[in-house]
Amino acid sequence: MSFETISVIGLGYIGLPTAAVFASRKKNVIGVDANQQVVDTINRGEIHIVEPDLDIVVRATVTEGYLRATIQPEPANAFLIAVPTPFKDAHVPDLSYVEAASMAIAPVLKKGDLVVLESTSPVGTTEQMAAWLASARSDLTFPQQGGEYSDIRIAHCPERVLPGHVLSELVQNDRVVGGMTVKCSEMAVNLYKTFVKGECIITNARTAEMCKLTENSSRDVNIALANELSIICDKLNINVWELIELANRHPRVNILQPGPGVGGHCIAVDPWFIVSNTPKEAKLIHMARQVNDNKPQWVIEKIVAKAERFKRPVIGCLGLTFKANIDDLRESPALGIVRKLIAMDVGKIMVCEPNVNDGFSEFPLCDLATVLREADILVVLVDHDEFKRVDQQVLKEKVVIDTRGIWR
Ligand code: SAJ
């Protein structure tokens with residue numbers, strides 16, 4: 001199977017780089033997105049997200065005619081679904097985008113096609129997707145009915161790339177490929193081998209779904225331990241950064257770093273898919289989410305306690321993004337903390353975020369030198385490189401709350 005035409009549904013942080021990488025291997029790629037602006041931007045050879053080098057690959061593949069975007073799905077040999085899987089109220093997974101994508105591609109499916117779900121999904125979503133497709137196309141057989149002889153092959157292959165390193169991780173990382181049958185898995189491996197240099201490891205769809213959720217839950221639980229330690233150490237007057245460095249000298253200990261909370265659209269979301277599936281059993285995973293979600297409030301209380309010593313302090317907040325050296329504000333604990341400080345009117349709030357400029361208008365941003373000069377209280381919320389380079393002499397007269405441990 002040569003996969004002459006590949007269609008990627010959802011051209012966001014995962015879908016667009018994936019589409020571009022297939023196109024860079026001289027595959028005809030049809031990118032599908034429900035947003036006309038996104039479609040127009042890509043067809044001009046431009047991009048709507050920030051990811052190093054992605055603009056170059058998109059411009060080249062659009063110009064050469066290998067990548068093209070459209071609103072309406074068209075026939076292809078393989079369909080990759082990379083749409084959002086957020087949660088609704090009470091942390092219940094919202095699969096409406098997967099359902100909409102399934103219904104959109106169903107009319108153009110034909111015998112022999114492969115459909116891969118890439119979106120991070122609760123266990124059972126791939127089977128649900130197959131059921132949606134089958135309900136729309138009773139003239140075709142799917143793995144749940146036809147087994148190894150089905151007309152359509154279906155697999156789950158979760159994305160695992162780190163924002164900021166997407167293009168290299170797409171190629172280098174191992175991929176877990178969970179087909180609904182063995183033939184489904186084998187076909188999906190053939191597809192990914194177009195560009196993946198890492199190993200493609202075959203399992204079933206449910207295990208592949210759980211594997212992705214486990215990876216991000218593992219990180220969340222480990223960060224929760226670090227965050228809890230930071231609160232304990234604060235009470236016991238111990239430097240948590242030194243403590244973790246020392247404990248990590250043990251050959252089998254590897255504690256992660258505390259911070260102001262866990263942000264981004266993955267680690268703060270995915271563990272809830274496990275909790276939602278198995279609420280009674282997922283005790284530790286649930287507790288870790290709560291520890292990490294409560295950390296911003298703890299930071300706010302620290303700042304308020306320090307502010308009480310002043311009449312109306314200037315509070316300099318350093319960083320807004322969800323982690324260092326990126327421009328992504330999604331689910332950012334730093335942004336949540338700043339918003340709350342402004343709403344509480346704790347003092348004069350000055351914010352420096354060197355990676356965010358155009359289009360941010362919620363409150364004014366200041367340059368680093370001004371914040372360092374004017375602030376009575378300095379709060380490090382993100383460990384951007386610019387902040388790490390600050391001359392520590394400047395900090396002498398200030399109250400410092402360093403949630404990332406960059407100025408130990
Ligand atoms: N964080 C800490 N302390 C740490 C590490 C991270 O507080 O020691 C915080 C960060 O500041 C940030 C949050 O956790 O707010 C998440 O950052 P991250 O770098 O851990 O992860 P993401 O969300 O950028 O990407 C993760 C990755 N998953 C794992 O490393 C297991 C990535 O490989 C996944 O593809 C991605 O989620 C995803 O799309 O699911």
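Brief remarks follow.
- From phi via Karplus (6.51, -1.76, 1.60), per-residue ³J(HN,Hα) for the range 373-381 in Hz, x at Gly/Pro: 6, 8, 6, 7, 10, 10, 10, 8, 10
- Gyration tensor verdict on the range 72-194 (Cα atoms; rounded if a/c is under 1.5, prolate if a/b is larger than b/c, oblate otherwise): oblate
- Using the Cβ-Cβ distance between residue 385 and residue 407 with R0 = 22 Å, the FRET efficiency computed as 1/(1 + (r/R0)^6) comes to roughly 0.95.
- Of the DSSP H helices in the chain, those whose Cα atoms cover at least 18 Å axially and whose Kyte score averages 1.6 or more: none
- Mean Cα-pair separation over length for the range 254-402, i.e. relative contact order, pairs under 8 Å, 6 or more apart, %: 26 percent
- In the range 233-334, taking the dipole from charged Cβ atoms about the Cα centre, the farthest positive-side position among 244, 299, 313 is held by 313.
- Label separation (residue 144 vs residue 257): 4.4 nm, computed from points 7 Å beyond Cα along the C-beta direction.
- Summing Cβ point charges (Lys, Arg +1; Asp, Glu -1) relative to the Cα centre of the range 5-198 gives a dipole of roughly 520 debye.
- Residue 9 long-range amide H proximity, modeled H, under 5 Å: 32, 80, 81, 82
- Taking the helices alone, the chain has a mean residue ellipticity at 222 nm of -12500 deg cm²/dmol, built from -39,500 (n - 2.57) per DSSP H run of at least 4 residues and averaged over all its residues.
- Over 27 Å between alpha carbons, listed pairs 235/396; 193/283; 197/295; 283/306; 197/388: 193/283; 197/295; 283/306; 197/388
- Spin-label model, residue 238 to residue 311: label points 7 Å out along the Cα-to-beta-carbon direction sit 4.1 nm apart.
- With R₀ set to 35 Å, the beta-carbon distance separating residue 34 from residue 135 gives a calculated FRET efficiency near 0.95.
- Packing around the peptides 114-126, 296-308, taken as the average count of other Cβ atoms within 10 Å per residue, puts them in this order, highest first: 114-126, 296-308.
- Going by neighbour counts of Cβ atoms within 10 Å, the residues 98, 177, 390 line up, fewest first, as 390, 98, 177.
- Inter-probe distance in nm under a simple model that places probes 7 Å from Cα toward Cβ, at residue 26 and residue 357: 4.0 nm
- Listed by chain and number, the aspartates and glutamates whose alpha-carbon sits under 16 Å from that of residue 348, ignoring those within fewer than 8 places in the same chain, are 308, 362, 367, 374, 376.
Every number in this text was worked out from the coordinates using simple rules, so none of it is lab data. What you see is a predicted model, and the numbers here were worked out from it, not measured in a lab. All Cβ positions, glycine included, derive from the backbone under ideal geometry; neighbour counts span all protein chains shown.
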